[in-house]
Amino acid sequence: MSEYEIYALKYAGPFVRTGAHLMWYRDWDKIETINYYIWCIKGAGETVIVDTGVTPQMAKNRELNEYVNPVEVLARININADEVRHVVVTHMHWDHAGGVSLFPRATFYVQEDEYRFWLQSPVAGRPPFKQVADAAANAYLAAVENTDRLVLLKGDQQILPGIECLLSPGHTVALQTVAVNTARGTAIIGSDCAHVFRNYTEDWPSSLIVDLVGWMITYDKLREKVSSPDLLFPGHDRRLLENYPAVAKDVTRLV
Ligand SMILES: [Zn+2]
């Protein structure tokens, strides 16, 4: 089977967050710093980008001071965003989907239930959801619906040999994680199923929960699928940058 490497690329951060943001309903008096990332899967002649970061305009609107355009971060490892063909959008929160327009030739892989929720459910327009959405990114995806640039996935689906998207709800209606065949077995880019490693090790979700029961069942599913617990990667942990070999500024190889 095709084998890949996984890279984490920081595009913004560090930001200070309260403990209760990272460990749901706990750690009220603690703080921790986190980063914002995209990921790159590379191997077998393919490059797949997981999540998109945000556009310079959105970074300005959200006052992301430590922001670098993801296009520039990708260039540090010789990836030209203009030429990227495959982009997995794990979920449609602004910090993950906001940069879709940075990949003008890509096909985007999104869970159909996630897409329909953000584009069609009246609930998505209510304040708690609206504040984590990016209307411009959603409109960009809507404009390529029904073309070969948008693939709406229904549950677990392989997109390339050795790369499988896994329906992993809890943080959003239909978040998807990405299982990748690596030299060490199956690794999982878990996105915001966990903000930090502790969510997995302590079996405790982070925040912005739409389905707590679903979230816990997702943890069972990911643990069963991954070859080793240390190959299950969270979405915002600063350790993704600190504990792995750097291959360029703010880019590390996770496996
Ligand atoms: Zn996030």
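The values are calculated or read from the model by the stated rules, or taken from the named source; none is laboratory data. Quick caveat, the model's predicted, so the values are computed rather than measured. Glycine also receives a Cβ, built like all others from the backbone with ideal geometry; neighbour counts cover every protein chain displayed. The protein model used for the area step is the full one, side chains on, heavy atoms only, and it has no ligands, DNA or RNA in it. Shrake-Rupley method; radii C 1.70, N 1.55, O 1.52, S 1.80 Å.
Out of (1) open to solvent by 20 Å² or more (accessible area, probe 1.4 Å); (2) at pLDDT below 95, what's the single condition that is false for Gly19?
(1)
Take the residues in region 23-40 that are open to solvent by 10 Å² or more (accessible area, probe 1.4 Å), among the hydrophobic types (A, V, I, L, M, F, W, C) and in contact (Cβ under 8 Å) with a residue 12 or more places away in the chain; name whichever of them is farthest from the ligand (Cβ to nearest atom).
So, considering only residues that are open to solvent by 10 Å² or more (accessible area, probe 1.4 Å), among the hydrophobic types (A, V, I, L, M, F, W, C) and in contact (Cβ under 8 Å) with a residue 12 or more places away in the chain, the one farthest from the ligand (Cβ to nearest atom) is Ile31.
Out of the residues in region 47-95 that are farther than 15 Å from Ala8 by Cα, away from the ligand (no atom under 16 Å from the Cβ) and among the acidic types (Asp, Glu), which is least open to solvent (accessible area, probe 1.4 Å)?
Among those residues, the one meeting the criterion is Asp82.
Hey, could you check region 110-144 for residues that are of a type in the set (Phe, Trp, Tyr) and open to solvent by less than 40 Å² (accessible area, probe 1.4 Å) and say which is nearest to the chain's Cα centre (by Cα)? Step through it out loud before you land on a result.
First pass over region 110-144, keeping only residues of a type in the set (Phe, Trp, Tyr): 115, 117-118, 129, 140.
With the extra rule that they be open to solvent by less than 40 Å² (accessible area, probe 1.4 Å), the set shrinks to 115, 117-118.
Details: Tyr115: 15, Phe117: 18, Trp118: 16 Å.
Among them, the one singled out is Tyr115.
Which ranges mark the strands (runs of 3 or more DSSP E) fully within region 152-228 that have 3 or more residues being touching a residue at least 40 places away in the same chain (Cβ under 8 Å), open to solvent by less than 40 Å² (accessible area, probe 1.4 Å) and under 25 Å from Glu3 (Cα atoms)? Walk me through how you get there before you give the answer.
On the way: elements: 157-160, 163-167, 176-182, 185-189.
Fully inside region 152-228 and qualifying: 163-167, 176-182, 185-189.
Report yes if Ala44 is at positive phi and more than 16 Å from the ligand (Cβ to nearest atom), otherwise no. Steps first, answer last, please.
Values: at positive phi: yes; more than 16 Å from the ligand (Cβ to nearest atom): yes.
Yes: the conditions hold for Ala44.
Against the conditions (1) free of Cβ contacts under 8 Å to residues at least 12 places away in the same chain; (2) over 25 Å from Tyr4 (Cα atoms); (3) outside any loop (DSSP other than H, G, I, E, B), where does Gln57 fall short? Just the number, please.
(1)
Just give me the residues in region 41-52 being assigned to a strand (DSSP E or B) and free of Cβ contacts under 8 Å to residues at least 40 places away in the same chain, in sequence order.
Scanning region 41-52 gives Lys42, Thr47.
Checking the condition acidic (Asp, Glu) and in contact with a strand residue (DSSP E or B) (Cβ under 9 Å, 6 or more places away or on another chain), which residue from Asp192, Asp250, Asp211, Asp203 passes?
Answer to the selection: Asp250.
Across region 229-255, what is the total count of residues that are within 14 Å of Thr177 (Cα to Cα) and either without any contact (Cβ under 8 Å) to a residue 60 or more places away in the chain or surrounded by fewer than 18 Cβ atoms within 10 Å (Cβ to Cβ) (or both)?
Within region 229-255, residues that are within 14 Å of Thr177 (Cα to Cα) and either without any contact (Cβ under 8 Å) to a residue 60 or more places away in the chain or surrounded by fewer than 18 Cβ atoms within 10 Å (Cβ to Cβ) (or both) number 3.
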